[in-house]
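Shown next, in structure tokens, is the structure this report addresses.
The values are calculated or read from the model by the stated rules, or taken from the named source; none is laboratory data. Every value quoted in this text rests on a predicted model; they were computed, and no experiment measured them. Virtual Cβ from ideal backbone geometry, glycine too; neighbours counted across all protein chains shown. Keep in mind that these areas ignore ligands, DNA and RNA; they rest on the heavy atoms of the full protein, side chains included. Shrake-Rupley method; radii C 1.70, N 1.55, O 1.52, S 1.80 Å.
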Protein chains: 2
Amino acid sequence: MGNQTIYFKNQPRIIAVSSIAGTKECKGIIGRYVETALSDDMFGESTFEKAECKMLSHVIDGAITNAGLKRDQIDILVSGDLLNQIISASFAARDFSISFLGVYGACSTMAESLAVAATFIDGGHANYAVAATGSHFASAERQYRYPLELGTTRPPQSQWTVTGAGGALVAKEGDGIRITAATLGKVVDYGVTDVNNMGAAMAPAAADTILAHFRATGEDVADYDLIVTGDLGALGSRILKDLTWEKGLDISANHVDCGEIIYNVIEDEFQGGSGAGCSAVVLNSYIHSKMMTGGLKKVLFVATGALLSTVSSGQGESIPCIAHAVVLER
Amino acid sequence: MGNQTIYFKNQPRIIAVSSIAGTKECKGIIGRYVETALSDDMFGESTFEKAECKMLSHVIDGAITNAGLKRDQIDILVSGDLLNQIISASFAARDFSISFLGVYGACSTMAESLAVAATFIDGGHANYAVAATGSHFASAERQYRYPLELGTTRPPQSQWTVTGAGGALVAKEGDGIRITAATLGKVVDYGVTDVNNMGAAMAPAAADTILAHFRATGEDVADYDLIVTGDLGALGSRILKDLTWEKGLDISANHVDCGEIIYNVIEDEFQGGSGAGCSAVVLNSYIHSKMMTGGLKKVLFVATGALLSTVSSGQGESIPCIAHAVVLER
């Protein structure tokens with residue numbers, strides 16, 4: 001078996017974070033923790049895509065500034081997003097004169113970018129790296145589903161793409177949250193074809209990575225204060241708990257899903273939040289804050305991604321999914 | 001200034017490669033070197049996208065097999081492609097039970113995936129990794145430009161997206177081509193908006209990375225047997241030579257562009273080849289062969305990418321570009 005779990009012997013650390021979120025998102029639990037709360041989801045831009053890109057630039061800049069650093073001290077920017085050709089990340093990178101590694105992991109991007117950034121730092125190839133991603137409800141809807149103007153009815157198993165972005169400054173040394181290990185996911189496809197049911201599609205990938213992680217490390221679930229998945233939503237979270245329980249791993253007591261907790265129940269979003277911005281915002285506001293203030297000491301951050309496109313779905317393909325896990329310790 | 005150039009102290013090596021190319025491509029110089037020459041560009045599939053995905057799977061499998069390895073010995077697959085949500089790479093990864101890192105660097109993907117794979121190997125996180133990418137003329141045309149059925153006239157500054165794929169097996173040890181360093185590119189945008197003139201758009205990014213590489217390493221152009229860019233084409237190559245010469249670096253004697261050499265002049269492709277498959281096929285067939293047989297000892301492989309989308313162009317944006325360089329030594 002190939003090696004899925006990697007250990008960072010030099011323990012790169014997150015020395016600063018930045019986050020931004022939309023109006024709907026800030027009504028919920030993250031509202032108290034997010035750095036920048038938007039009053040206008042267009043962020044002063046003329047298109048949804050430009051607003052998404054601006055949010056991403058905002059948190060990249062924020063993470064650098066919050067670390068007390070300047071742009072020219074950063075060695076690598078690792079970023080991606082949900083839009084075709086990851087234009088939010090590429091155009092954001094244009095604003096910064098920093099080496100850029102574009103990644104695509106759909107909603108797993110926050111974990112993938114953190115793992116890649118940590119690997120470059122750990123190997124001595126960089127002193128400072130930024131890992132960042134984001135999403136925008138309106139740009140995702142029109143790319144993946146229908147134009148908002150159509151007013152299409154949303155089915156009860158659907159989730160709501162988070163408008164928001166998060167970024168982390170990963171450094172070789174300094175005070176912060178240590179990244180001690182990562183388990184890189186495999187593509188898992190249980191044959192789900194319902195593009196409105198991402199939670200069901202992604203849950204098997206999350207289960208696969210979590211099971212691989214505990215198998216490789218020999219740790220117990222109780223060693224973690226929190227096992228936090230990215231955007232499975234309420235239904236997907238229940239499926240994940242079932243799938244891991246069936247394999248003899250009971251994560252119920254320690255598991256939380258960013259998509260499940262991000263919105264208030266009174267919001268009209270059915271199963272919860274989704275999108276690359278979902279776990280990025282929750283990690284880089286709420287979870288970061290809880291870790292820095294001592295409420296959480298060890299967290300397994302498992303961001304999940306659905307690797308479909310409108311073309312693959314149109315050609316009758318099911319939805320391949322992936323989940324990457326990163327171990328965060330304070 | 002952030003650090004753009006990284007040195008691999010453990011010198012990961014390419015111990016095997018695999019390549020596949022379409023009928024038009026195999027009429028040219030690579031025809032004698034490519035592992036699999038397609039007689040049918042559909043590769044027995046019902047859609048262009050599925051054919052592209054199958055080519056990518058074919059070279060991933062080929063690289064593993066040619067190294068005398070089995071799939072379950074591979075630790076990481078690093079791959080991406082030009083299609084929305086990199087579906088060729090994601091769906092190819094579904095066929096292999098290997099940890100998958102999806103990357104997006106447009107036509108720079110071969111260099112980006114090699115650099116990322118080498119970093120994981122160099123840091124001791126993996127023993128074997130596969131870096132692979134590809135493209136298909138017909139899937140790229142209908143996604144980025146016009147459906148083939150329209151019969152749109154191609155302007156003289158245009159290039160032809162290569163139908164082909166290439167993959168490299170990067171290992172911790174073994175006989176092969178050593179990856180000794182890499183210079184990760186920044187996003188460069190000179191304001192070109194002509195989506196038919198990728199060579200002009202990408203040349204400044206190639207110049208930026210090449211100049212940064214020689215600045216950081218202190219090497220001379222003459223230290224390399226070849227400085228090979230990805231898919232600038234004939235016009236882009238001339239612009240690159242001008243731009244570097246203006247900055248005091250004369251690469252004329254050692255420079256070749258994969259896009260410029262891949263097609264015979266009698267083919268109707270104007271400036272030459274492009275696409276992620278262009279540099280992937282040339283590197284993993286022609287250049288690999290020349291290096292293994294002693295014709296080339298040290299090569300700077302600089303794959304270039306245009307990070308636009310139809311949405312960004314439609315919203316009036318210019319074309320941000322990137323180039324990543326990898327040093328290959330035999």
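The set of residues from region A:71-100 being more than 24 Å from A:Cys258 (Cβ to Cβ) and not in a helix (DSSP H, G or I) comprises A:Ile74, A:Asp75, A:Ile76, A:Asp95, A:Phe96, A:Ser97, A:Ile98, A:Ser99, A:Phe100.
So A:Asn254 passes all but one of these: (1) over 25 Å from A:Gly167 (Cα atoms); (2) surrounded by fewer than 19 Cβ atoms within 10 Å (Cβ to Cβ); (3) within 19 Å of the chain's Cα centre (by Cα); (4) not β-branched (Val, Ile, Thr). Which condition number does it fail? For A:Asn254, the exception is condition (1).
For B:Thr180, indicate whether it is open to solvent by 10 Å² or more (accessible area, probe 1.4 Å) and modelled with pLDDT of 95 or more. Taking the combined requirement at face value, the residue satisfies it.
Selection of region B:1-18 for residues being more than 9 Å from every other protein chain (Cβ to nearest Cβ) and in a loop (DSSP other than H, G, I, E, B) yields B:Asn10, B:Gln11, B:Pro12.
If only one of B:Ile227, B:Ile319, B:Ile287, B:Ile261 is of a type in the set (Val, Ile, Thr) and under 30 Å from A:Thr47 (Cβ atoms), which one is it?
B:Ile319
Within region B:33-49, the set of residues being without any contact (Cβ under 8 Å) to a residue 60 or more places away in the chain and within 20 Å of the chain's Cα centre (by Cα) comprises B:Thr36, B:Ala37. The residues on offer are A:Gly167, A:Gly185, and the sole one that is within 24 Å of A:Val59 (Cα to Cα), touching a strand residue (DSSP E or B) at 6+ places or on another chain (Cβ under 9 Å) and buried (at least 24 other Cβ atoms within 10 Å of the Cβ) is A:Gly167. The residues on offer are A:Ala92, A:Ala115, and the sole one that is in contact with a helix residue (DSSP H, G or I) (Cβ under 9 Å, 6 or more places away or on another chain), open to solvent by less than 10 Å² (accessible area, probe 1.4 Å), within 30 Å of B:Ile87 (Cβ to Cβ) and of a type outside the set (S, T, N, Q) is A:Ala92. Considering only region A:272-330, state which residues are away from chain B (no Cβ under 14 Å), buried (at least 24 other Cβ atoms within 10 Å of the Cβ) and at positive phi. Hit for region A:272-330 is A:Gly272, nothing else. What about B:Gly80, is it under 23 Å from B:Ser313 (Cα atoms) and either at pLDDT 95 or above or of a type in the set (Phe, Trp, Tyr) (or both)? Yes: the conditions hold for B:Gly80. Listed here are the strands (runs of 3 or more DSSP E) enclosed by region A:126-216 that have at least 1 residues being within 12 Å of chain B (Cβ to nearest Cβ): A:128-135, A:177-183. For region B:88-133, a residue qualifies if it is β-branched (Val, Ile, Thr) and either in contact with a Ser or Thr (Cβ under 7 Å, 6 or more places away or on another chain) or free of Cβ contacts under 8 Å to residues at least 12 places away in the same chain (or both), and the qualifying residues are B:Val103, B:Thr109, B:Thr119, B:Thr133. Only one of (1) within 22 Å of A:Thr119 (Cβ to Cβ); (2) surrounded by fewer than 24 Cβ atoms within 10 Å (Cβ to Cβ) is not met by A:Val228, so which one is it? Only one criterion is unmet by A:Val228, namely (2). When the criteria are applied in full, A:Met42 meets the requirement of being open to solvent by 30 Å² or more (accessible area, probe 1.4 Å), of a type in the set (A, V, I, L, M) and either in a helix (DSSP H, G or I) or at pLDDT 95 or above (or both). Could you please let me know if B:Lys70 is without any contact (Cβ under 8 Å) to a residue 12 or more places away in the chain, open to solvent by 10 Å² or more (accessible area, probe 1.4 Å) and either in contact with a Ser or Thr (Cβ under 6 Å, 6 or more places away or on another chain) or among the charged types (D, E, K, R) (or both)? Here the answer is yes, as B:Lys70 does meet what is asked. For region A:93-107, the candidate set comprises residues that are within 9 Å of chain B (Cβ to nearest Cβ) and more than 17 Å from B:Ala111 (Cβ to Cβ); within that set, the residue that is farthest from the chain's Cα centre (by Cα) is A:Ser97.
Within region B:276-297, residues that are within 13 Å of B:Thr109 (Cα to Cα) have Cβ atoms under 8 Å from residues that are acidic (Asp, Glu) in these pairs: B:Ala276/B:Asp81; B:Cys278/B:Asp231; B:Ser279/B:Asp231; B:Val281/B:Glu25, counting only partners at least 6 apart in sequence or on another chain. Screening B:Leu56 with (1) over 24 Å from B:Leu184 (Cβ atoms); (2) more than 10 Å from chain A (Cβ to nearest Cβ); (3) touching a residue at least 40 places away in the same chain (Cβ under 8 Å); (4) not hydroxyl-bearing (Ser, Thr, Tyr) gives one miss only, at (1). Taking each residue of region A:240-258 that is without any contact (Cβ under 8 Å) to a residue 12 or more places away in the chain and looking for partners that are surrounded by 13 or more Cβ atoms within 10 Å (Cβ to Cβ) and among the hydrophobic types (A, V, I, L, M, F, W, C) with beta-carbon atoms closer than 8 Å, six or more apart or interchain, yields A:Trp245/A:Ile251; A:Ser252/A:Trp245. The single residue among A:Val34, A:Val59 that is open to solvent by less than 50 Å² (accessible area, probe 1.4 Å), in a loop (DSSP other than H, G, I, E, B), of a type in the set (Val, Ile, Thr) and within 17 Å of A:His136 (Cβ to Cβ) turns out to be A:Val34. Considering (1) of a type outside the set (A, V, I, L, M, F, W, C); (2) free of Cβ contacts under 8 Å to residues at least 12 places away in the same chain; (3) within 23 Å of A:Val302 (Cα to Cα), the lone condition that A:Gln85 does not fulfil carries the number (3).
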